Amino acid sequence: QVQLVESGGGLVQAGGSLRLSCVVSGSIFSFDAMGWYRQAPGKQRELVAGITSDGSTNYADSVKGRFTISRDNAKNTVYLQMNSLKHEDTAVYYCNADPYENDYWGQGTQVTVSS
């Protein structure tokens, strides 16, 4: 059973930075895609950033230029570097893997940005 464990969330002031990590219990080498999603209170879960097995990335318009997704296949880890954080980035952030087949999810990590 593949497990995803997120870490790196916390409380940060607006303008600050955080780096989220998602460690996968199995190999991520075979996953076609991985991504970070977020869900704010009262809102639907939304895609923040995605990365494919060949390293192609895509971002939500709201985070372009501020967030960077990356993957380290050797460490079975996906990262989300978040810079210039805004209050509206406050949400629970979830890691997702293999969305087109097994659709694995982590338990989420809370990110709170104080204004």
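Worth pointing out:
- Among the residues of segment 92-115, those identified as at pLDDT 95 or above, crowded, with 19+ Cβ neighbours inside 10 Å and not aliphatic (A, V, I, L, M) are TYR93, TYR94, CYS95, ASN96, GLY106, THR109.
- A Cβ distance below 8 Å, combined with a sequence gap of six or more or placement on separate chains, defines the contacts here; from segment 62-74, residues that are closer than 17 Å to HIS87 by Cβ reach residues that are of a type in the set (Phe, Trp, Tyr) and open to solvent by 50 Å² or more (accessible area, probe 1.4 Å) in the pairs PHE67/TYR59.
- Flag for LEU4 being surrounded by 13 or more Cβ atoms within 10 Å (Cβ to Cβ) and closer than 17 Å to SER62 by Cβ: no
- The combined condition, being assigned to a strand (DSSP E or B), open to solvent by 60 Å² or more (accessible area, probe 1.4 Å) and without any contact (Cβ under 8 Å) to a residue 24 or more places away in the chain, is not fulfilled by LEU11.
- Residue ranges of strands (runs of 3 or more DSSP E) in segment 14-91 with at least 3 members out of contact with any helix residue (DSSP H, G or I) (no Cβ under 6 Å at 6 or more places or on another chain), at pLDDT 95 or above and open to solvent by less than 60 Å² (accessible area, probe 1.4 Å): 18-24, 33-39, 46-52, 67-72, 77-82
- For segment 92-106, a residue qualifies if it is part of a strand (DSSP E or B) and farther than 21 Å from SER17 by Cβ, and the qualifying residues are ASN96, ALA97, TYR104, TRP105.
- Close Cβ contacts (under 9 Å, 6 or more residues apart or on different chains) running from residues in segment 90-115 that are within 19 Å of ALA60 (Cβ to Cβ) and touching a residue at least 12 places away in the same chain (Cβ under 8 Å) to residues that are open to solvent by 40 Å² or more (accessible area, probe 1.4 Å) and acidic (Asp, Glu) comprise ALA91/GLU46; ASN96/ASP103; ALA97/ASP103; PRO99/ASP32; VAL113/GLU88.
The values are calculated or read from the model by the stated rules, or taken from the named source; none is laboratory data. Remember, predicted model here, so these are calculated numbers, not experimental data. As a convention, Cβ positions derive from the backbone with ideal geometry for all residues, glycine included, and neighbour counts pool all protein chains shown. Side chains are part of the model used for accessible areas, which takes the heavy atoms of the whole protein and leaves out ligands, DNA and RNA. Shrake-Rupley method; radii C 1.70, N 1.55, O 1.52, S 1.80 Å.
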